[in-house]
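Undergrad: Got a structure for you, written out below as structure tokens; questions coming shortly.
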Amino acid sequence: MTDLTKLPHTGLHVPHDRYTLADFQQMTTRCGIAYNATVHEGERCVGVIENQGNGGGTWFFPATAADHRAVHEFAAACRMDGEPLAEEEVLDHLITEHETAQEVAKCARRRASLIRGFEEDGLPAVTIAIGAPPLWLDRADSPFLPRLARDLKASDPDVAVWEFWTGDQWKPLNLPAATN
């Protein structure tokens with residue numbers, strides 16, 4: 001197997017990073033979130049990833065038959081925790097990777113931080129932008145950490161683990177015990 005590249009926000013291991021997403025749009029529907037994004041390889045459009053937000057699957061609509069084969073082979077080579085994924089899961093991870101990268105960029109422009117929480121079983125629970133730079137989150141003596149811990153516990157009590165984006169990686173957010 002070829003060397004795989006680990007994407008920073010999802011942990012998805014991909015055979016190459018030549019595919020980029022653009023024109024991302026989403027809309028809340030009665031049954032979920034509908035979204036689509038154009039997939040590019042360099043300047044060339046390869047196809048569109050789409051989910052209609054009705055509880056159905058995420059689909060890839062290729063520009064050509066060759067693009068269909070290439071994306072199928074790309075998805076077949078992808079791994080998560082060493083395990084292969086269904087093509088639909090790969091597409092969903094690519095969307096999540098793109099969305100998270102957009103949020104990280106917004107936070108960087110505002111000198112804010114992006115934090116994310118995971119439930120006890122490791123499933124993602126929430127992603128939140130906060131008005132403190134990542135450097136402050138990395139300091140155990142930051143005076144706002146006790147209040148942040150209380151606020152996060154109150155708003156998302158089921159979150160077991162919090163992480164923050166340092167600018168180049170996700171790092172555990174070491175919060176003090178929340179007190180009332």
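Conditions (1) among the basic types (Lys, Arg); (2) at pLDDT below 95, marked per residue:
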{"position": "6", "(1), (2)": "yes, no"}
{"position": "12", "(1), (2)": "no, no"}
{"position": "34", "(1), (2)": "no, yes"}
{"position": "54", "(1), (2)": "no, yes"}
{"position": "60", "(1), (2)": "no, no"}
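Undergrad: Restricting attention to the stretch 60-103, and to residues there that are of a type in the set (D, E, K, R) and open to solvent by 70 Å² or more (accessible area, probe 1.4 Å), which single residue is nearest to residue 125 (Cα to Cα)?
TA: Among residues in the stretch 60-103 that are of a type in the set (D, E, K, R) and open to solvent by 70 Å² or more (accessible area, probe 1.4 Å), the one nearest to residue 125 (Cα to Cα) is 89.
Undergrad: Working carefully through the options 116, 139, find the one that is out of contact with any helix residue (DSSP H, G or I) (no Cβ under 7 Å at 6 or more places or on another chain) and crowded, with 17+ Cβ neighbours inside 10 Å.
TA: 116
Undergrad: While we're on this one: Six or more apart or on different chains, Cβ atoms under 9 Å: show the pairs whose first residue is in the stretch 53-69 and free of Cβ contacts under 8 Å to residues at least 60 places away in the same chain and on the phi > 0 side of the Ramachandran plot and whose second is in a strand (DSSP E or B) and β-branched (Val, Ile, Thr).
TA: Every condition considered, the pairs that remain are 53/28; 53/33.
Undergrad: Name the residues in the stretch 1-25 that are under 25 Å from residue 55 (Cβ atoms) and either without any contact (Cβ under 8 Å) to a residue 40 or more places away in the chain or charged (D, E, K, R) (or both), would you?
TA: Matches in the stretch 1-25: 23, 25.
The values are calculated or read from the model by the stated rules, or taken from the named source; none is laboratory data. Keep in mind that this is a model prediction, so the values were computed, not measured. Note that each Cβ is placed from the backbone with ideal geometry, even for glycine, and that neighbours are counted across all protein chains shown. Please note that ligands, DNA and RNA were not included when accessible areas were found on the heavy atoms of the full protein model with its side chains. Shrake-Rupley method; radii C 1.70, N 1.55, O 1.52, S 1.80 Å.
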